[in-house]
Amino acid sequence: MIDEASASSGPGALCPFVTDEAGLNAAKPGGRLLGLFADGNMPQEWTGPAAKVGGTDPARCTPNGSFGGPHLSTMASRAIGLLDAQTRHSRKGFFLQIEGASMDKRDHSADPCGQIGETAEFDKAVQASLDYARRHPDTLVVVTADHGHPHVTGLPLPITPPRVAVRASRGRRSPSPIWRVFVRRRRREGRRYAVSGRGVRR
């Protein structure tokens, strides 16, 4: 992937790429953009002791001091800004998917602090999407999950998962550790979306 992107990273490139937050912030709207910020999984937001059989002693989660690269909320905000600028004079608008997959990975690793940190950061990405939607009422934001886990991680934080996502997760399974935000803007005058329990009304 890097070789293919490198071959087309000059002027008029089909897919220029960036590797750090400075490059992401400097990116200009127009055409495609590929962000490659880690060799594998992105580093987790918070660290702390792993869970163990029989329970763990109370512990405090701490920010990951070795975190590198842009945060999920930063990538979400920048993607929304670039897409908005690129489609400003188009009636088609744009569609954006934002995924917080590391919640699931940290759950499989029995890492409660990692899971909490990823959930908190995802909440910031949701907030960035909702802030954009408030300024552009022709925008639909959907927050959903693709599966659940048996673990429920409490959030002793002022930030909590979106209410619509929690409602959608009630039942036998816990709120899923993988969340997705779908941001869709249709630039049609007088056309707004409303989300209800029965689906999306236009």
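See the values below:
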| item | result |
| --- | --- |
| Globularity ratio of the range 67-153, using Cα Rg and 2.2 N^0.38 Å | 1.24 |
| Other-chain or far-sequence residues with amide H under 5 Å of Asp111's (modelled H) | Ala51 |
| Karplus 3J(HN,Hα) series, Hz, for the range 31-48 with 6.51 cos²θ - 1.76 cosθ + 1.60 (x for Gly, Pro) | x, 8, 8, 10, x, 10, 9, 7, 6, x, 5, 5, x, 6, 6, 10, 10, x |
| Förster-model FRET efficiency, 30 Å R0, Asp146 and Phe37, C-beta, rounded to 0.05 | 0.85 |
| Cut-off 18 Å (backbone N to label point 7 Å along Cα→Cβ of Val53), residues of the range 96-132 | 108-111 |
| Relative exposure of Arg78, Arg91, Arg106, judged by other C-beta atoms within 10 Å (fewest first) | Arg91, Arg78, Arg106 |
| Whole-angstrom gap from the range 54-108 to the range 13-38, using each part's C-alpha centre | 16 Å |
| Proximal lysines relative to Lys105, as straight alpha-carbon distance under 21 Å, when same-chain residues fewer than 8 apart are discounted | Lys52, Lys124 |
| 5 angstrom amide H check on Thr47, placed H, neighbours 5+ away | Thr62, Asn64 |
| 5 angstrom amide H check on Leu34, placed H, neighbours 5+ away | Phe17, Val18 |
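Every number here is computed from the coordinates shown, using simple stated rules; none is lab data. Only a predicted model underlies this, so the values are computations on that prediction, with no experimental measurement involved. Every residue, glycine among them, receives a Cβ derived from its backbone with ideal geometry; neighbour counts consider all protein chains shown.
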